[in-house]
Structures are given as structure tokens and as C-alpha cells.
Amino acid sequence: MEAATLAWYRTNGRILPWRVTQDPYAILVSEVMLQQTQVARVLARWPLWMTQWPTVESLARASLAEVIVAWSGLGYNRRAVALHRTCGVIADVGFPTTYNGLLALPGIGPYTAAAVACIAFGEQRIPEDVNVRRIAERANGGAPFVAPDGLAGELTQALFDLGATVCIARRPRCHACPLAGVCPTAGQTFAPARRQAPFAGSTRQRRGALLRRLGAGGLAVAEVDEVIAAGLVRDGLAAVADGRITLPAR
Ligand code: SF4
């Protein structure tokens, strides 16, 4: 099953700029962006980010306000705060090269640690995102995939692509799947996933709108939505002083 997935990937894998580098910082940035943002949007933003801050040290030197402004539009802005914090620590102590070392960093969870460990450093570990879990449940009875020696990073990318383009949520494209011959659920369709709440009018949208206003300059606290402002301050995305709310200085 793993061999068939790898063979499929070598012909059908997506060509993405963060796949042609072994730079762990570049891979870390891509993985953090990709967690909750579509690939097409990350494709437009990752190169700009890497031009603005090509190294861990350059990102660590940036102000948090600059980082939040640059993240605008990618959504879930707490990721920008966490990435900035993580890179501040890496700039001081060096880049950990193992899953356990990465997991010990502030702002890095098990998924990101596993992704960077296997893709950048060749650790034998497959990170499980929603796509990887879905393929394992459908094709492998829920058992995790096991990478051949030295190929965990490549198998991870292969599973990401298979889940994103073939073994998709509702109507998988089994006719194009390298696992169709062995997959017990080949040909099935699946119940629709829970509908996402509309973005328009949501807290997420209002948080993003206020952050964009703050990117243009501070505001009087009395002018802004109190609950939204409090949430941004709590998440380290804004600061309040002397009756004004601004992006944080550091
Ligand atoms: S055969 Fe169909 S259900 Fe099975 S892994 Fe492939 S795409 Fe998914």
C-alpha cells in the first residue's frame, strides 16, 4: 500500500515551492500556514513571507506587529503569534532536529513537530492530519501507514496529496486511486461533513477586520467592539494602553 502510494506520488504529486527545499524554517512556515488555510492561498503568500523573512533570525528580529500585518488574510492569526514566538526561541537555541526537540518548542504541537521532523530531518514518523487519517480509515482499517526506511517525508507528502486530490471527503475519486485494488471501501460515497458556520458576520471575520484596522494604526478602545478587542488582546494579537488599542510592539 505504501509502495503504491509512493509510486503514484512520483507521477502525480503536486509541485509546491516548499517541497524543493530542505530548509527546516521554510518547511515550518509552510506547515503552519497550511494547517488552516487552503493550498492555493498559501501558494500566493508563502513566497512573499520567505522574501520578507528568509531566515529564522530575520523573523525573530521582526516586530510582532509586522508579523501580524503580514499574516493578514491567512486567517487564524494566533498562528502568526505562535510562529514568531517559536522562531524567537529557535534563533537563540538552534533548530531542533528531532520530533521531541521540536515538540518542546513553544507554539509547536504534535502535528507540526512530526511534519517538520519527517520532511526536513528525515525522521521515520508520519504526521496524521485529517486527510491522512481519512485514507487510513478507508483503505487500511484505521491502521497507520508505515514508511519504508528514509521515505517518511516523501510518503507524508504523498498522503497529503492523495487525500487532497483523490481520496476526498464525500465522493472519493477511486477510479484514479493507486489503492483502489486493495481498499475495502473503494467505490463508496460518504456522508457530508458537518457544514461550517458561515464566515460572513462570524467572530473570525470581525477579528480579522479589526486586526486590519489596527494594522493601519491604533484606535480608541471606545471605538471598537469590546468583546472582539478583548479576544485579540487575550491571544497576544493586540495591546491596550492609555485608552487605545494597537498591534503589540513585540
Ligand atoms: S480507493 Fe477510494 S476510498 Fe479507497 S483510498 Fe482510494 S480514493 Fe479513498
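What follows is calculated from the coordinates using simple rules that are stated; it is not laboratory data. Given the structure is predicted, the values throughout are model-derived calculations rather than measurements. Glycine gets a Cβ as well: all are built from the backbone with ideal geometry, and neighbour counts include every protein chain shown.
For the reader, a short list of remarks on this structure follows.
- Per the Kirkwood formula applied to alpha carbons, the range 124-250 shows a radius of gyration over Rh ratio, Rg over Rh, of 1.23.
- Per-residue ³J(HN,Hα) for the range 53-68, Karplus 6.51 cos²θ - 1.76 cosθ + 1.60, θ = phi - 60°, Hz, x for Gly and Pro: 9, x, 9, 3, 5, 5, 5, 4, 6, 5, 6, 4, 4, 4, 5, 5
- In terms of other Cβ atoms within 10 Å, Cys183, Cys167 run from fewest to most in the order Cys183, Cys167.
- Label-reachable residues, the range 9-52, where backbone N falls under 15 Å from a point 7 Å from Arg204's Cα toward its Cβ: 33-42
- Proximity of backbone amide H atoms, modeled 1.01 Å from N, is registered between Arg244 and Val221 at under 5 Å, excluding neighbours fewer than 5 places apart on the same chain.
- Contact order relative to length of the chain, as percent, for alpha carbon pairs under 8 angstrom and 6 or more apart: 20 percent
- Rg to Rh quotient for the range 2-176, alpha carbon positions, Kirkwood Rh: 0.97
- Relative contact order for the range 166-247, counting Cα pairs under 8 Å that sit 6 or more residues apart, in percent: 22 percent
- Once the chain from Phe190 to Gln124 is taken as fully extended at 0.36 nm per residue, the excess over their C-alpha distance is 20.6 nm.
- 3J(HN,Hα) couplings calculated from phi for the range 230-241 with the Karplus curve 6.51 cos²θ - 1.76 cosθ + 1.60 (θ = phi - 60°) are, in sequence order, 4, x, 5, 5, 4, 8, x, 9, 8, 9, 10, 7 Hz; Gly and Pro show x.
- Maximal additional length on extending the Glu57-Ala4 stretch stands at 15.1 nm, based on 0.36 nm per residue less the C-alpha distance.
- The ranking of Thr165, Thr189 from fewest to most other beta carbons within 10 Å of each one's beta carbon is Thr189, Thr165.
- When both the range 100-118 and the range 55-79 are represented by their alpha-carbon centers, they are found 19 Å apart.
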